[in-house]
1. With all protein chains present, how much of the accessible area of region 337-399 (probe radius 1.4 Å) comes from carbon and sulfur, to the nearest whole percent?
2. Report, in whole Å, the centroid distance computed from the Cα atoms of region 313-369 and region 1-64.
3. Would you work out the relative contact order for region 131-210, in percent, from Cα pairs under 8 angstrom that are 6 or more residues apart?
4. Expressed as a whole percentage, what fraction of the accessible surface of region 75-201 belongs to carbon and sulfur atoms when a 1.4 Å probe is rolled over the protein heavy atoms?
5. Roughly how large, in nm² to one decimal, is the mean projection of the convex hull of the alpha-carbon atoms in region 115-156?
6. Using only the alpha carbons of region 96-137, determine the length spanned along each of the three principal axes and report them from longest to shortest in whole angstroms.
7. What do you get when you divide the Cα radius of gyration of region 31-71 by 2.2 N^0.38 Å, with N the number of residues?
8. Within region 128-195, which GluC sites (Glu not before Pro) sit in a loop by DSSP and count at most 16 neighbouring Cβ atoms inside 10 Å?
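The values are calculated or read from the model by the stated rules, or taken from the named source; none is laboratory data. It should be emphasised that the depicted structure is a prediction, and the values quoted were computed from it without experimental measurement. Here Cβ is always computed from backbone atoms with ideal geometry, including for glycine, and neighbour counts include all displayed protein chains. Note: areas computed on protein heavy atoms with side chains; ligands, DNA, RNA excluded. Shrake-Rupley method; radii C 1.70, N 1.55, O 1.52, S 1.80 Å.
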Amino acid sequence: MTGQRFFRFLQERIGLDVESVGAPMIERALRQRCAALQATDLDDYWLRLQQSTAEQQALIEAVIVPETWFFRYPESFTALVDLAHKRVAELAGARPLRILSLPCSTGEEPYSIAMALLDGGVAAQAFSVDGIDISPNSVAKAEQALYGRNSFRGSELAFRERHFSEAAEAHQLDERVRRQVSLKVGNVLDPALKARDGQYDFVFCRNLLIYFDVPTQQRVFEVLKQLTHAQGVLFIGPAEGSLLARLGMRPLGIAQSFAYVRQADPVPAPPSKPLPAMRPLAPPLPKVVTLPQRPARPLMAPPVAAEPRDNEAQLLAAIARHANAGDSQQARSDCERYLRLFEPKAQVYYWLGLLSDTEGDATQAITHYRKALYLQPQHPEALMHLAALLASQGDEAGARRLQERAARAGREAER
């Protein structure tokens with residue numbers, strides 16, 4: 001089955017990079033829609049698609065597979081509450097806080113924002129949350145606010161007792177939370193969003209980039225940057241920081257929050273030992289499987305005996321702490337010390353790549369990212385950041401292959 005015209009349609013309508021989800025997924029969706037309309041072949045379906053906006057949306061719905069749950073990336077919500085209190089004080093009652101969740105999917109993220117703020121002591125009248133998603137079906141489910149087991153993951157579920165009531169085999173969200181959130185169907189690439197320039201104090205947009213090609217990624221982040229107030233904060237997914245740094249944003253320095261501010265703006269929570277260069281924000285420590293059976297490689301020094309004061313877990317934590325605080329020099333020193341003392345880990349090479357990346361040393365960054373991928377072939381952040389670097393150097397084919405691998409790794413990790 002050939003579907004190039006359908007691929008182009010999806011790219012133009014929603015910015016979808018077909019390689020990020022794989023052509024077979026698109027072709028499966030096309031077969032489903034052909035069967036639903038009883039189209040004789042793809043030519044017949046193409047004509048029907050051009051004549052019906054409803055069918056265009058149906059195809060988009062068939063391609064999009066929302067994957068979300070309440071309080072995904074919990075550190076982001078903890079950071080939001082602290083920052084919201086400071087912002088409320090700055091506004092001094094002039095207006096409520098404005099927060100955007102885009103894409104909002106089936107509502108778990110915008111409702112998590114509302115629950116976090118209410119539980120954190122922010123008055124209901126002091127904030128409002130807008131949720132926007134391209135899928136009418138997802139928005140309709142969000143408006144219903146009735147959630148099954150898959151929306152509640154992890155061990156911290158006390159919020160469910162506070163904010164939900166049981167309804168058959170599902171949970172109904174309380175009206176007190178629902179009325180804080182306004183939901184709407186919309187597209188991040190819709191020019192109408194320009195009317196909201198600078199409107200939002202906080203913008204949440206997570207794990208959207210992996211479905212876009214590089215030019216669309218840049219367009220989307222320009223939109224997000226414009227939507228965010230000059231003193232606002234943009235919350236993103238763990239693998240999406242490298243592009244933001246190139247667009248004049250920098251990490252806020254709150255560990256594992258994935259929160260970014262404009263480069264020239266004052267920092268609400270200034271990191272220690274500030275440096276003039278852009279700071280990397282280290283992602284959370286993954287469970288990386290070391291490979292003690294691998295033969296020694298000439299490009300890596302063999303591990304030596306650790307001194308008694310050196311503990312592997314403590315040194316990894318120190319790397320994360322210094323990277324999150326913006327202390328690039330100490331973070332790099334800790335990484336190099338780790339590699340002298342212990343078996344190599346993909347995450348350590350990823351941090352070295354990120355440090356080199358934000359310092360503008362693309363060649364060294366590529367080397368470190370590739371070492372990370374040698375040790376852990378599906379390391380999602382290394383895949384995405386290496387893809388961004390290859391694209392910036394004109395290797396679009398290489399970048400697309402890495403984006404596709406990152407998308408697959410992300411979907412597998414969430415199952």
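1. It is 53 percent, rounded to a whole number.
2. 43 Å
3. Averaging sequence separation for qualifying contacts and normalising by length gives 41 percent for region 131-210.
4. Ligands and nucleic acids excluded, carbon and sulfur reach 48 percent.
5. Mean shadow area of the hull around the Cα atoms is 4.2 nm².
6. Dimensions of region 96-137 along the principal axes of its Cα atoms: 32, 17, 11 Å.
7. Computed over Cα atoms of region 31-71, the ratio equals 1.44.
8. GLU156, GLU169
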